[in-house]
Every structure is written in structure tokens, then in C-alpha cells.
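The values are calculated or read from the model by the stated rules, or taken from the named source; none is laboratory data. Quick caveat, the model's predicted, so the values are computed rather than measured. Note that we place each Cβ from the backbone using ideal geometry, even for glycine, and neighbour counts take in every protein chain shown. Protein only, heavy atoms only, side chains kept; ligands, DNA and RNA dropped before computing areas. Shrake-Rupley method; radii C 1.70, N 1.55, O 1.52, S 1.80 Å.
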Amino acid sequence: MKIIIINGPNLNLLGKREPEIYGRTSFEEYFETLRTKFPEIDLYYFQSNIEGEIIDKIHEVGFSFDAILLNAGGYTHTSVAISDAIAGVKTPVLEVHISNIYKREEFRHKSIITKECVGMISGLGLKGYELAILYFLKN
């Protein structure tokens, strides 16, 4: 099974940015934990602060991978283009958010991409990525 995690803007700052919301672990550190926990999966990671690069990556893997875990960051609430990219590929996408977007500012309560995803995990911290992997392993 091939799964890619795609993280959007500012998630490169995990472990440094707002640790009371996002924790103190960098995503690179957490990604190694996931690779150790799921050695049977070909697990890949991509992060970009640039909307077009996220779209390009979805297009690149969207017909050859088994699953995409997408945390689009702030683009979740603004990017029709990322939503369209998800709709245009065959690989199922599961939306993941570290924080509970419904406990944050009002503008974060609306996700433009959710309707194109198989589901959403929000508010369970980094553990949400592990749960998303488990979902694809069982389905």
C-alpha cells in the first residue's frame, strides 16, 4: 500500500508554531514514528506553503497511490483549486486537521475541500494521521 501525507502552509513550523495548539513535535519527527509503526506501508511525505505545488502533488500521485492524507492548512478554507484537484483524481483523500477547526475562529469552520474527501479527522492532534492510516488499512 502506498500512502502520501500532504501538508499545506505553515505546517513546516510544527513543534515551533503555537505549541499550545499544535504540540512540540516537528512533523518530520512524527513522520518517522509513523514509518516505524506501519512498516508494511510505503509512506511518503510532502509539505508546501505554495498552493500550486500542493495541486501538482495531488495530480502526480492521484492515480498511482492508494490514499492521500491531506492537511491543507489555511487553504482548507479558501482553495477551490485544491478542491477541484481532489475531485479530478482517483486516489481517495482523507482530510486531516491537527486542531479542532470548529473550536477556532469562525472562518475556519468552513472547509471547501471536505465534500471531495472520503472523510475528515479534526482535533485529535498528530494522532489524526495515524487514525487516517488505520482507516485506509481497514477499508
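Here F31 passes the criteria (1) closer than 21 Å to S122 by Cα; (2) within 16 Å of the chain's Cα centre (by Cα); (3) without any contact (Cβ under 8 Å) to a residue 12 or more places away in the chain except the one numbered (3).
Can you tell me which residue is surrounded by the most Cβ atoms within 10 Å (Cβ to Cβ) among those in segment 1-25 that are without any contact (Cβ under 8 Å) to a residue 40 or more places away in the chain and part of a helix (DSSP H, G or I)? Filtering first and then ranking leaves N12. Against the conditions (1) over 13 Å from the mean Cα position of the chain (by Cα); (2) open to solvent by less than 70 Å² (accessible area, probe 1.4 Å); (3) free of Cβ contacts under 8 Å to residues at least 40 places away in the same chain, I41 satisfies every one except (3).
Evaluating Y30 against the criteria (1) surrounded by fewer than 19 Cβ atoms within 10 Å (Cβ to Cβ); (2) within 20 Å of L11 (Cα to Cα); (3) not charged (D, E, K, R) leaves one unmet condition, (1).
If I ask for residues that are acidic (D, E) and touching a residue at least 24 places away in the same chain (Cβ under 8 Å), which ones from segment 44-67 would you list? Don't jump to the end; show me each part of the working.
Taking segment 44-67 and keeping what is acidic (D, E), we get 51, 53, 56, 60, 66.
Correct list: E51, D66.
Residue-level analysis places H59 outside the set of residues that are open to solvent by less than 50 Å² (accessible area, probe 1.4 Å) and over 12 Å from K2 (Cα atoms).
Considering each of P9, P19 in turn, give the residue that is out of contact with any Lys or Arg (no Cβ under 8 Å at 6 or more places or on another chain) and either modelled with pLDDT of 95 or more or within 21 Å of Y135 (Cα to Cα) (or both). First the steps, then the outcome.
Working: P19 fails: either modelled with pLDDT of 95 or more or within 21 Å of Y135 (Cα to Cα) (or both).
From the options P9, P19, the qualifying one is P9.
When we screen L70, L126 for residues that are open to solvent by 10 Å² or more (accessible area, probe 1.4 Å), closer than 23 Å to K2 by Cβ and touching a residue at least 60 places away in the same chain (Cβ under 8 Å), the only hit is L126.
Return the only residue of V61, V118 being modelled with pLDDT of 95 or more, β-branched (V, I, T) and touching a Pro at 6+ places or on another chain (Cβ under 6 Å).
Of the residues listed, the single one that is modelled with pLDDT of 95 or more, β-branched (V, I, T) and touching a Pro at 6+ places or on another chain (Cβ under 6 Å) is V118.
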